[in-house]
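Read-outs throughout are calculated quantities, based only on the coordinates presented, and are distinct from any laboratory measurement. Bear in mind that the values here come from a model prediction, so they are computed numbers and not experimental data. Reconstructed Cβ throughout: ideal geometry from the backbone, glycine too, with neighbour counts over all protein chains shown.
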Amino acid sequence: MIDALSYVLVGTSDLPAWIRMATDIAGLQAEEVEHGRSVRLRMDDKVQRLLLQATTGKPTLGMGYTVANAAVLETVVKRLEAAGFTVTPSTAEERALRGVAGMAHFLDPDGYRVELAYGMQDAATPFMPGRPIGGFRTKAGGVDLGIGHTALMAGDFTAMKHLYQDVLSFRMSDRASAPFVAEFFHVNPRHHTIGLADTGTGPGVYHFMLEYKDWDDVGRAYDMALEHPESIGVSLGRHTNDHVTSFYLRTPDGWMLELGWAGRLIGHDWEVTELPGMSLWGHDRTWLPPQNARKRARS
Ligand SMILES: [Fe+2]
């Protein structure tokens, strides 16, 4: 039903800082749409993969999922409406900004804007990264993997899980019970497209992950981040579940951007497992109080 997470919408209070981080460190390509207001970030042949918009209010993150065509979109909208969600059609201006043929949007139970789109355009020009990199992994063997994953701290975990798993048919990848319940869901061979954590801290964005094709590009980004150690939210490490080796940059909006490599792909024979911890090594959460909490989170 849902094919992939194909773009994210970032509402930021510091657009210039976001552009600097995205281009200079992550290596994305920035294309200004409206000066000081709106910027498209590219990571491959598509016209945009992150849409940055300046806001004077609270920072926001929205998710743009793609479906095959208008008929599938209509089916998904009907399912959402039957489940009690109010789905709003897109305007021509919204479709033009995103470079999609069709789109509808709604708010999930935690208030995140979720967009469902089809017909995402290719750009007229080749991808020109913000720094020399080998590119981002959005496909494998011709299969669309989407741009990465989002990890959210759920305010209403039960309602969020119901939406993604039961209404939108995301399939569970695996789960962890400690130090809090976290569950991971996929829609294509990428191990997870969304992670939901029941932290009891209210709704919040933990991170958004994007994936390089080359390991050296993670290393070079890490070198640059180390020049400003306070910019690193989670140190270099490797995850137990998606096998991604990564570190996390702090974005200007408080949540983190995970820069990773070598995410595992899964198939229909995948079996849900209980995770013993989140990382095989590393991933020191620099924002937690030292010693015990950090040790526990890393294990
Ligand atoms: Fe992640």
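A few points about this structure:
- Any hit, the range 91-114, residues being farther than 23 Å from Gly11 by Cβ and not aliphatic (A, V, I, L, M): no
- Subset of the range 1-31 [free of Cβ contacts under 8 Å to residues at least 24 places away in the same chain and either part of a loop (DSSP other than H, G, I, E, B) or over 20 Å from Met120 (Cβ atoms) (or both)]: Pro16, Arg20
- Considering the conditions (1) closer than 19 Å to Ala4 by Cβ; (2) charged (D, E, K, R); (3) in contact with a strand residue (DSSP E or B) (Cβ under 7 Å, 6 or more places away or on another chain), Asp242 is excluded by exactly one of them, (3).
- Positions within the range 189-199 being away from the ligand (no atom under 14 Å from the Cβ) and either of a type outside the set (S, T, N, Q) or under 16 Å from Gly148 (Cα atoms) (or both), in sequence order: Pro189, Asp198
- The set of residues in the range 257-278 that are within 16 Å of the ligand (Cβ to nearest atom) and part of a strand (DSSP E or B) comprises Leu257, Glu258, Leu259, Gly260, Trp261, Leu265.
- Within the range 105-162, the set of residues being out of contact with any Pro (no Cβ under 6 Å at 6 or more places or on another chain), surrounded by 15 or more Cβ atoms within 10 Å (Cβ to Cβ) and aliphatic (A, V, I, L, M) comprises Val114, Leu116, Ala117, Met120, Ala123, Ile133, Leu145, Ile147, Ala151, Leu152, Met153, Ala154.
- Selected residue (criterion: nearest to Thr158 (Cα to Cα)) from residues of the range 200-227 that are in contact with a helix residue (DSSP H, G or I) (Cβ under 8 Å, 6 or more places away or on another chain) and within 16 Å of the ligand (Cβ to nearest atom): Leu210
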